[in-house]
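The values are calculated or read from the model by the stated rules, or taken from the named source; none is laboratory data. Just so it is clear, the model here is predicted, and its values are computed rather than measured. Cβ placement follows ideal geometry from the backbone for every residue including glycine, while neighbour counts extend to all protein chains displayed.
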Amino acid sequence: MNMEKQFPEGMEPLGDKEFKFKCHPGVACFTVCCKNVDLDLYPYDIVRLKDKLKMHSEAFMRAYTELKSGGNPFFPTVSLKLTETDGTKQCPFLNDEGCSVYEDRPTACRTYPLERAVDRTVATGRPDDFYFLTNHDYCLGHQEDHHYTVKDWVRNQRIDEYNVMNELWAAVDTLFATNPWKGEGVGGEKQQLAFFVCYNIDGFRSFASENRLLKQFRVSNDMKNRIRRKDSELLKFGFEWIKHVLGGKSSLVA
C-alpha cells in the first residue's frame, strides 16, 4: 500500500529545506502585500488585535471586520475590513512606517511567505502539518539573502501559539460544519450564541461570570485563575463550552 502523502500538482512541502526571504522597509515592494488583500481572521486573531488596540471585542468587530460566505456552509467567515485611501484598499492597520500592530498581526500575515496545511486524517496523535512556500511576483523579499528553515521561521515569527489556538478553533468549526443548529436557519439562536462565544470574548467573559459557567463544570482552581486572567484561556474554555452546548465532543465534565 502506498502511504506517501499526495499533494496537488505544483505544491511541494518544504520539509527541512531552506528558503530565502526577508521583508523590511528597504525592499521596493514593502507594504504592497497589505493592499487589496483578502484576509480571513480567526478568533485568536481577534483576541490579539483587540487587546493590542485596547478595544472591547464587540467594538473591534464592528469597526474592523465584515462577514462573508467561506468554506463552512453553516457558519460565516470573518474577514478584515479594508479602508480606501486614494482609490486603493488597504489594511486599516497600515501606516507610513508599516504595520502598526506588527507584534499582534494576524495568522496569515505572521506565517507569510509560508502557507500551512494540516492533515486531519491522521488517526492518532497530533495532526500532521505541512508548509509550502508562496512566491507572488510582486514580492521582492524572496531575493533577500536571508535563509530560514520552516522551523526557524515558525520560531522567529512566534507562530506556534497561533497554530495551537487555530487548531482548537478548527475543531469547533468542524462541528459547525455539521449544521448543529438544524431547523433554526441562518442566524438562529444557537448560531448567534456560537458566534458570540468565538468572536466576542469580552462579552462572553461577562456572560460566563453572570451565569457562573465555571462553577457548572469540574475546572481546577488553577485553570479558573488562568481563565480569569487571560483572554486566550477563556477562549479555550469557550470553545469547549459551545461544543458541550451543541452536543459535540467536549472536554468539560459537569
Any chance F74 is at pLDDT below 95, in contact with a helix residue (DSSP H, G or I) (Cβ under 8 Å, 6 or more places away or on another chain) and closer than 30 Å to E233 by Cβ
yes
Looking at T85 and the list (1) β-branched (V, I, T); (2) buried (at least 16 other Cβ atoms within 10 Å of the Cβ); (3) out of contact with any Leu (no Cβ under 6 Å at 6 or more places or on another chain), which single condition is not satisfied?
(2)
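Scan the stretch 33-42 residue by residue and report those that are closer than 26 Å to N163 by Cβ and outside any loop (DSSP other than H, G, I, E, B). Working first, answer last.
Filtering the stretch 33-42 for residues closer than 26 Å to N163 by Cβ gives 33-34, 37-42.
Residues satisfying the conditions are C33, C34, D40.
Yes or no: G238 of a type outside the set (D, E), surrounded by 15 or more Cβ atoms within 10 Å (Cβ to Cβ), touching an Asp or Glu at 6+ places or on another chain (Cβ under 8 Å) and modelled with pLDDT of 95 or more? Steps first, answer last, please.
Details: of a type outside the set (D, E): yes; surrounded by 15 or more Cβ atoms within 10 Å (Cβ to Cβ): yes; touching an Asp or Glu at 6+ places or on another chain (Cβ under 8 Å): no; modelled with pLDDT of 95 or more: yes.
When the stated conditions are applied, G238 does not pass them.
Select, from E144, E66, E97, the only residue that is of a type outside the set (K, R) and within 26 Å of W181 (Cβ to Cβ). Let's see the steps before the verdict.
On the way: E144 fails: within 26 Å of W181 (Cβ to Cβ); E97 fails: within 26 Å of W181 (Cβ to Cβ).
Exactly one of E144, E66, E97 is of a type outside the set (K, R) and within 26 Å of W181 (Cβ to Cβ), namely E66.
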Output for the stretch 183-205, where each listed residue is under 23 Å from the mean Cα position of the chain (by Cα) and surrounded by fewer than 20 Cβ atoms within 10 Å (Cβ to Cβ):
V186, G187, K190, Q192, L193, F195, F196, D202, G203, R205
I'd like to verify a number: residues in the stretch 187-206 that are free of Cβ contacts under 8 Å to residues at least 40 places away in the same chain and farther than 20 Å from M165 by Cβ, how many?
5
Confirm whether D152 is in a helix (DSSP H, G or I), without any contact (Cβ under 8 Å) to a residue 24 or more places away in the chain, of a type outside the set (A, V, I, L, M, F, W, C) and more than 29 Å from F204 (Cα to Cα).
yes
Collect the residues in the stretch 55-77 that are part of a loop (DSSP other than H, G, I, E, B) and exposed (fewer than 13 other Cβ atoms within 10 Å of the Cβ), keeping them in residue-number order.
S69, G71, P73
Just to be sure I understand the filter: pairs with C-beta atoms under 6 Å, separated by 6 or more residues or on different chains, first member in the stretch 221-250 and within 13 Å of F207 (Cβ to Cβ), second member small (G, A, S). Which pairs pass?
I242/A194
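Being within 30 Å of K17 (Cα to Cα) and either surrounded by 14 or more Cβ atoms within 10 Å (Cβ to Cβ) or modelled with pLDDT of 95 or more (or both) is true for just one of H136, H142. Which residue is that?
Details: H136 fails: either surrounded by 14 or more Cβ atoms within 10 Å (Cβ to Cβ) or modelled with pLDDT of 95 or more (or both).
Result of the check over H136, H142: H142.
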